[in-house]
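The block underneath contains the structure these notes are about, expressed in structure tokens.
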Amino acid sequence: MRVALYQPDIAGNLGTILRTCACFDVAVDIIEPCGFPFSDRSLKRAGMDYFDHVDFTRHADWNAFLATVDSLSARLVLLTSKAQAAYHEFPFRPDDILLFGSESSGVPIDVNQRADERITIKMKNGMRSLNLAVSAGMALGEALKQTGQFSK
């Protein structure tokens with residue numbers, strides 16, 4: 001199981017996701033460019049002292065990330081507000097890569113089309129989206145539960 005973040009905009013969200021993934025021993029792929037300097041203080045504040053405990057890889061761009069994915073047998077599972085399938089009903093696999101778009105614009109159409117699966121977190125009508133870090137935590141928790149990968 002991996003989490004991939006496509007051009008994250010908010011340092012605090014990335015820091016929180018890195019911290020969450022450190023706690024659950026899940027690797028993170030950061031697809032740049034980020035909307036903030038990677039050394040941003042709010043990134044470090046949200047991640048606290050967990051950076052030494054998380055396996056993360058920074059990719060220069062989408063193509064650099066894809067070069068690593070193409071060598072894996074993993075599915076790319078995009079979480080998007082435009083999907084119909086609910087994340088809690090989706091059958092996750094142990095080697096899935098959970099892909100999340102940027103907070104401001106999601107992912108472009110070519111990234112959406114490259115995804116193997118598209119799922120959503122159903123919300124009350126009229127609501128646009130959840131916070132990225134909250135969404136990542138919810139989807140990752142469900143995926144780890146289904147695949148029996150929670151750390152012991």
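Ligands, DNA and RNA left out, the accessible area of region 47-149 computed with a 1.4 Å probe is 49% carbon and sulfur. Which residue fluctuates most in the GNM of the chain (Cα springs below 10 Å): P33, P108, P94? Of P33, P108, P94, the Gaussian network model singles out P108 as fluctuating most.
Think of a 1.4 Å ball rolled over the protein heavy atoms: the chain then has 53 Å² of accessible area per residue.
Counting only DSSP beta bridges with both residues in the chain, the antiparallel share comes to about 5 percent. Computed from point charges on the beta carbon alone (+1 for Lys and Arg, -1 for Asp and Glu), the dipole magnitude for the chain about its Cα centre is near 520 Debye. Going by a ≥ b ≥ c, the root eigenvalues of the Cα gyration tensor, does region 57-121 fall in the rounded group (a/c under 1.5), the prolate group (a/b larger than b/c) or the oblate group? It comes out oblate by the Cα gyration axes. Proximity of backbone amide H atoms, modeled 1.01 Å from N, is registered between D55 and V28 at under 5 Å, excluding neighbours fewer than 5 places apart on the same chain. Taking V134, V54, V28 as the candidate residues, the one with maximal mean-square fluctuation in a Gaussian network model of the chain, Cα springs under 10 Å, is V134. For I119, the amide hydrogen comes within under 5 Å of the amide hydrogens of L78, L79, T80, counting only partners 5 or more places away or on other chains and with H modelled in the peptide plane.
The values are calculated or read from the model by the stated rules, or taken from the named source; none is laboratory data. The model shown is predicted, which means the values in this text are computed figures rather than measured ones. We place every Cβ from the backbone using ideal geometry, glycine too, and count neighbours over all the protein chains shown. Quick note on the areas: whole protein, heavy atoms, side chains included, nothing else; ligands and nucleic acids left out. Shrake-Rupley method; radii C 1.70, N 1.55, O 1.52, S 1.80 Å.
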